[in-house]
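**Student:** Before I ask anything, let me first share the structure, which is written out below as structure tokens.
Read-outs throughout are calculated quantities, based only on the coordinates presented, and are distinct from any laboratory measurement. A quick note: this is a predicted structure, and the numbers were derived from the prediction, not measured. Here the Cβ positions follow ideal geometry from the backbone for every residue, glycine too, while neighbour counts run over all protein chains shown.
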Amino acid sequence: MILSGEDIHNALREKRVIIDPAPEEQAIDTTSIDLRFGESLWVWNPSLIEQGGDALHINLNEYQHREFSEKHLVEVPKNAAGNYQIDPGKIYLGSTHEQVQFPAGSRLAGRVEGKSRFARLGLVVHMTAPNIHCGTGLGIITLEIFNHGPFTLEVEPGKTRICQLTLEEVSRDPGERTGRDFIQQKSPKG
């Protein structure tokens, strides 16, 4: 069951979901909470593709994101206005400004999706794996971003409402989620 706006307010008040900083009233809609763009943006180093004409192959069964990203992600600099530019045809890793937690026992989980007004420009904000599991610790949500459109888009850290979080009731308490990648993330690099 997806929570309504009133139920979202109750879940926040009861600390069944923790969002830090707390969302402003206008960020809570009838069935979702808008989350803002965070403070860093990363792109895969272009030299990965330019290796003497040979394409880099990655065995997904052996892929370790933290190790690979430490070597091959480069931070995108802000422009003169202090914003980030998202160019067409590139994959970026960004994050939410807010940290989110669904404490064990809350019986809540979430789904992160893009916003339709940006999708209409060609912007995909969260390409896959939208589930935010119950029992996770407080951390940012990494956003896999791709600009399919013809326009260069600009996002302002801490201000641009880049995605929305839908809260869902879980049928029973799944307990603490441990030993998994991407729990309590502080950076999109892992």
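**Student:** What's the extension gain from Lys90 to His57 if we count 0.36 nm per residue and subtract their Cα-Cα distance?
**Tutor:** Full-extension gain reported as 10.1 nm.
**Student:** Using helices alone, what [θ] at 222 nm do you get for the chain, with -39,500 (n - 2.57) per DSSP H run of 4 or more residues, divided over all residues and rounded to the nearest 500?
**Tutor:** After summing the helix terms and dividing by residue count, I get -3000 deg cm²/dmol.
**Student:** If you take the charge dipole of region 70-128 about its Cα centre, with +1 on Lys and Arg Cβ and -1 on Asp and Glu Cβ, which of Leu108, Ala80, Tyr92 is farthest toward its positive end?
**Tutor:** Result: Leu108.
**Student:** State the extension gain, in nm to one decimal, for the chain segment bounded by Asp7 and His72, taking 0.36 nm per residue of separation less the distance between their alpha-carbons.
**Tutor:** Net length gain for the segment: 19.2 nm.
**Student:** Using the crude model of +1 on Lys and Arg Cβ and -1 on Asp and Glu Cβ, and no other charge, please compute the dipole size for region 1-112 relative to its Cα centre, in debye to 20.
**Tutor:** The dipole magnitude comes to about 200 debye.
**Student:** Take peptides 136-146, 68-78, 161-171 and line them up by average Cβ neighbours within 10 Å, highest first, as a rough protection proxy.
**Tutor:** In descending order of packing, they fall as 136-146, 161-171, 68-78.
**Student:** Now for a separate question. In a Gaussian network model over the chain where Cα atoms closer than 10 Å are linked, find which of His133, His148, His57 has the largest mean-square fluctuation.
**Tutor:** Evaluated over the chain, the most mobile residue of the options is His57.
**Student:** Evaluate the distance, in nm, between pseudo-label points positioned 7 Å from the Cα of His148 and of Thr128 along their respective Cα→Cβ axes.
**Tutor:** Rounded to a tenth, the inter-label distance reads 1.5 nm.
**Student:** Then there is this: Taking amide hydrogens as modeled 1.01 Å from N in the peptide plane, which residues meet the under 5 Å criterion relative to Ala104, leaving out close sequence neighbours?
**Tutor:** Amide H to amide H, under 5 Å and 5 or more residues apart or across chains, Ala104 pairs with Gly135.
**Student:** To the nearest 20 debye, what charge dipole does the chain have about its Cα centre, counting +1 at the Cβ of each Lys and Arg and -1 at the Cβ of each Asp and Glu?
**Tutor:** Here the chain has a charge dipole of around 80 debye.
**Student:** In sequence order, what are the phi-derived ³J(HN,Hα) couplings for region 126-138 according to the Karplus relation 6.51 cos²θ - 1.76 cosθ + 1.60 with θ = phi - 60°, rounded to whole Hz, with x for glycine and proline?
**Tutor:** Per-residue couplings from phi come out as 9, 5, 7, 6, x, 6, 10, 6, 5, x, 8, x, 5 Hz.
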